[in-house]
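Report on one structure; see the data block that follows.
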Amino acid sequence: MKTLKLKIFTLLLASSTFFSMPQVRACIYIESPWEYQMMLFRPQLKSMQSLQMFNYTSKLFYSTTPDPQQNDRVRNCKEWQQQMGKDVYLEDVFIAQYGKYYEEVFNREKPRNNTFLIVLQQPKNKMYLDYFHFAKRMELTERTLIENRFEPWNTDPEKDAQMLEEKMALYKEASVKINIQKLPPFLKERYAYQICRLAYQMKNYELASSTYDKYFKTFDAKSLMNIWSALFKAQSLAALENKAEADVWYARVFDNSDEKKLRCIQMYNNSDPSTVSDKNLQSVMLAMKIINYPGRALVQMDYIYRLNPQSKYLPFLIQREINKIEDWLLTSRYYHSLYTAKYETFDMFVSGAAVNREDDINYMRTLRRFIENINRNETNAANKDFYNLAIAHLYLLNSESKKAQLYLSRINTQADSSILVQRDLEEIFMMIKTKNPTQKEVQKNLADRLLFLQKNIKNDYDKNKILYSLLLTMSNAFVDFGDYTTANLLTMKSETFKNKNQNYYEGYELSYYNRLRLFEQRGNIAEIDAVINLLLKKDKTPFENFITTQNLGTVEAFLELEGTLAFRNNDWATAYKYFKKLPNDYWQNNYEFKNYLTENPFQPKGLSTTRDFTYNFNKTEFVKSLIDLEAGTIGKSKTRAADLIQLGNAMYNCSYYGNAWMMCSYGWSVGDRPDSTDTWQKINYYNCDLAKSFYTKALEAKPDKEQKAFINLMLFRCYLSQYNINPDALQIKDQAVAFANEFSKSSKTNTFKQYDCPGIREFITKK
């Protein structure tokens, strides 16, 4: 189930009449699946590094950056270095090959400090220099293609034709150069590669394929140019509708080139691997088929293992399968706690969730047995450590900590650093699942490990993501032990690790509201008091330092929140207690209060065609006025009806429809809907229940004719506002009609004459 979150908290206030609210669109950011996906298992064996773009995420690709370690490019540079001699530095070859375009490399000056370019321009290396010039000119045509086609609507037919002419000229030149006598095999292969590439780009697919056959004859994994040229042969075969044979060539390229893996997967046609006699090639084709598959893939993995027990893709595919299981079991369980009603289980919201969960757990156990089986026969030390980690992790996911510990103990203490980091993460995970996190000694151990990890992750997004998942898991552990304050702080801390490479998130994280968000959504006054005490505490423990070292609201902001929560609960005395602790000018100097609390809260919004936005709003004084008014309504005071009308006006304005909605809410949008489970929203904020209650009491307090007309008008408006946002509630509409009729009976009053706008007449006419 896809969960969406508003990342940018935008306040939109639309002017409204009695009957309509213009549809203003709120500005939102919808999180990608990778952002909220839970992930705890990500050791990185060397064999997995070139496969990073296929890491599991429920979107299409984790990354579209092929060959993140640039293995193919380094390989190409090493081949050039070997040709040019021992005096050439590999770094210089790399800079010249991949760091600059043609005009930047050859600027009519003798290259300085680049050993590769110096040697390349020696007379004996003229053929190599000629090819290098050619390759750089070829790059220019590629750059033109990219710049001209950055967007599909940015096509320029004139530039296309010019580029085609350039490529044709390059093709003719390469066709001549490749036949030069005494041309070194090294250069012959490179010219052949360029011809294959140009022929494919010019859509001469037969030529591209035959050029490969002529100059390379058979596939040779030891030749980089052979491998790269084979990609164009594969693409040409596919273009010629020979897709089964094309897939065989894609598999060969995929298996031997890191830079071309992504392209091979993108172009792969999913042909039947069983038609291929070579078992290793079959296993590669099966791996390609499932390497970006979001569903269960254990059946295919088992087949790969039977075809080739030493398949270098198995560890990666196993990791990917574990990440899927984590997503299925954990994301819905832990991530929901940010956005659903307080501490309710996600299963309440998903039909059949319990059945699905049990099915996923059974699948997880089957996967674990598969890994245990291949682990028994594994001889590669690094793979064995990886499999022990994987088994331990799956036992932990199933809450079998003793068995998990057994497999963790089998990991070599001298294993790869990635394995050892994951082992430490598993031990933190085990601690969360088996210890009482509220105990000081447990918190000390957790803090030591988490601080070490936080210090060393830097810009490793995978490790950041693991910390995000760990802290959410830890947050739920604190919920289990009744410590909601720490749970909220850990959840907020987890957000700081969610996606560190996106600038918009930094701004969201620093916003006034986001620093309070979780406590506003699922906190109470006692929990917020605990946060304030923690913020003021001078001798914090390492764990307390860890959970509070983040962008939290100020003590004053939390006091303001406590007053707001109390006001939502109609506890005016407690609201006054907290608001009184704040400076009188707090609402003029913080957040968006000064922009939205700008009108008289006792003058119902919408009764006048002109609005006065110069009111100096102070929540403390407002709540004190409410307390005094309510006290004045006790007994049969002469001002009882007037006081109750004022209370009704104030509560109407504190609703979604009024001018003081920010007494209850930190944001407003016409996209809001009354479907929350929060009581405060169901009562007055959307339904005007408090306002209606005070107006009804005012009717019972023997009001004069003018007051009675005004009360009927406001009751009509309360029910109509409620109906407008819930048009299926016909009973509410009937109530609005009834009070509209009552108001129409007071046609001789000044109130009727003052407020009988065309909108009300139109409504009464249409009823």
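To the nearest 500 deg cm²/dmol, what mean residue ellipticity at 222 nm is calculated for the chain from DSSP H runs of n ≥ 4 alone, each contributing -39,500 (n - 2.57), summed and divided by the residues? Present the calculation step by step, with values, prior to reporting the outcome.
On the way: 37 runs with 448 residues, N = 767.
Taken over the chain, the calculation gives -18000 deg cm²/dmol.
Work out, step by step, the length gained on full extension between ASN125 and ARG449: first 0.36 nm times the residue separation, then minus their alpha carbon distance; give nm to one decimal.
Contour length minus Cα-Cα distance gives 111.0 nm.
Let's test the formula: R0 of 45 Å, r as the Cβ-Cβ distance of ASN113 and ASN373. What FRET efficiency results, to the nearest 0.05?
0.20
With an 8 Å Cα cut-off and a minimum separation of 6 or more residues, compute the relative contact order for the chain in percent.
Here the relative contact order equals 12 percent.
Positive end of the dipole of the chain, charges at C-beta (+1 Lys, Arg; -1 Asp, Glu), about the Cα centre: which of ASN551, GLY85, ASN524 has its Cα farthest in that direction?
GLY85
In degrees, nearest 10, range 0 to 90: what is the angle between the Cα axis of helix 314-326 and the longest Cα principal axis of the chain?
10
What list of ³J(HN,Hα) couplings, whole Hz, do you get for segment 429-443 from phi and the Karplus terms 6.51, -1.76, 1.60, once you set θ to phi - 60° and write x for glycine and proline?
4, 5, 4, 4, 7, 10, 10, 7, x, 7, 6, 4, 5, 5, 5
Calculated from the structure, Cα extents along the principal axes in Å equals which of (1) 115, 68, 54; (2) 82, 60, 56; (3) 99, 75, 52?
(1)
What number comes out for the charge environment of ARG611, summing +1 per Lys or Arg and -1 per Asp or Glu over other residues with Cβ under 10 Å away?
Once all neighbours under 10 Å are counted, the net charge is -1.
Once the Cβ-Cβ distance between LYS46 and GLU165 is put in as r, and R0 is 51 Å, what FRET efficiency do you end up with, to the nearest 0.05?
0.65
Would you mind working out the magnitude of the charge dipole of the chain relative to its Cα centre, with +1 at each Lys and Arg C-beta and -1 at each Asp and Glu C-beta, to the nearest 20 Debye?
320
Considering only protein heavy atoms, what per residue accessible area in square angstrom results for the chain with a 1.4 angstrom probe?
47
For the chain, what % of the accessible area comes from carbon and sulfur atoms, probe 1.4 Å? Kindly include the intermediate steps, with their values, before the conclusion.
Details: 17940 of 36040 Å².
Result for the chain: 50 percent of the exposed heavy-atom area is carbon or sulfur.
As I understand it, the value is the acute angle between the Cα axis of helix 461-480 and the longest principal axis of the Cα atoms of the chain; what does it come to in degrees, rounded to 10?
40
Contact order normalised by length for segment 572-725, with contacts defined as Cα pairs under 8 Å and 6 or more residues apart; what percent is it? If you can, show how the numbers build up before the last one.
Numbers: 182 pairs, mean separation 34.2, N = 154.
Computed value for segment 572-725: 22 percent relative contact order.
For the chain, with the dipole built from +1 on Lys and Arg beta-carbon atoms and -1 on Asp and Glu ones, taken about the Cα centre, which of TRP328, ALA238, CYS718 lies farthest toward the positive end?
Positive-end residue among those listed: ALA238.
Classify segment 391-462 as rounded, prolate or oblate from the Cα gyration tensor: take a ≥ b ≥ c as the square roots of its eigenvalues, call it rounded if a/c is under 1.5, otherwise prolate when a/b beats b/c and oblate if not.
Oblate shape, in that a/c is at least 1.5 and b/c is the bigger or equal ratio.
Helix 71-84 sits at what angle to the longest principal axis of the chain, using alpha carbons and giving 0 to 90 degrees rounded to 10?
Taking Cα atoms only, the helix is inclined about 30 degrees.
Can you give the alpha-carbon Rg of segment 452-498 over 2.2 N^0.38 Å, where N counts its residues?
Its radius of gyration relative to the 2.2 N^0.38 Å reference: 1.16.
Find which of LEU730, PHE219, ALA169 sits farthest along the positive direction of the dipole of the chain, computed with +1 on the beta-carbon of Lys and Arg, -1 on that of Asp and Glu, about the Cα centre.
PHE219
Between ASP571 and ASP462, what FRET efficiency follows from the Cβ-Cβ distance if R0 is 60 Å, with the result rounded to 0.05?
Between ASP571 and ASP462 the formula returns 0.80.
Between GLU556 and LYS705, 0.36 nm times their residue separation minus their Cα-Cα distance comes to what?
My answer for the length gained is 49.1 nm.
I need the shape label for segment 376-512. Rule: rounded when a/c is under 1.5, else prolate if a/b > b/c, else oblate, with a, b, c from the alpha carbon gyration tensor.
Because a/c hits 1.5 or more and a/b fails to exceed b/c, segment 376-512 counts as oblate.
When the label point is put 7 Å from the Cα of SER274 along its Cα-to-beta-carbon vector, which residues of segment 296-337 have a backbone N closer than 17 Å?
299-308
Pairs LYS124/LYS177; LYS682/LYS733; LYS78/LYS136; LYS638/LYS705; LYS46/LYS458; LYS78/LYS289: which exceed 23 Å Cα-Cα?
Checking Cα-Cα distances, LYS78/LYS289 exceed 23 Å.
Just add up the charged neighbours of ILE291: K/R +1, D/E -1, any other residue whose Cβ is under 10 Å from the Cβ of ILE291.
+3
How much length is gained if the chain between ILE532 and ASN590 is pulled fully straight, taking 0.36 nm per residue apart and subtracting their Cα-Cα distance, in nm to one decimal?
Working it through step by step, the gained length comes to 19.0 nm.
In a shell of Cβ-Cβ distance under 15 Å around SER236, excluding SER236 itself, what net charge do Lys and Arg (+1) and Asp and Glu (-1) give?
+3
Take ARG410 and ALA221, extend 7 Å from each Cα along the Cα→Cβ direction, and tell me the distance between the two endpoints in nm.
It is 2.8 nm.
I need the GluC sites (Glu not before Pro) found in segment 212-320, filtered to DSSP loop residues with at most 14 other beta carbons within 10 Å of theirs.
GLU241
Starting from segment 561-667, pick out the trypsin sites (Lys or Arg not before Pro) whose DSSP state is loop and whose Cβ has at most 10 other Cβ atoms within 10 Å.
Numbers: sites: ARG568, LYS577, LYS580, LYS581, LYS594, LYS605, ARG611, LYS619, LYS624, LYS636, LYS638, ARG640; in loops: LYS580, LYS581, LYS605, ARG611, LYS636, LYS638.
Hits after loop and neighbour filter: LYS636, LYS638.
The values are calculated or read from the model by the stated rules, or taken from the named source; none is laboratory data. Keep in mind it's a predicted model, so treat the numbers as computed, not measured. Glycine gets a Cβ as well: all are built from the backbone with ideal geometry, and neighbour counts include every protein chain shown. Side chains included, ligands, DNA and RNA excluded: accessible areas come from the protein's heavy atoms. Shrake-Rupley method; radii C 1.70, N 1.55, O 1.52, S 1.80 Å.
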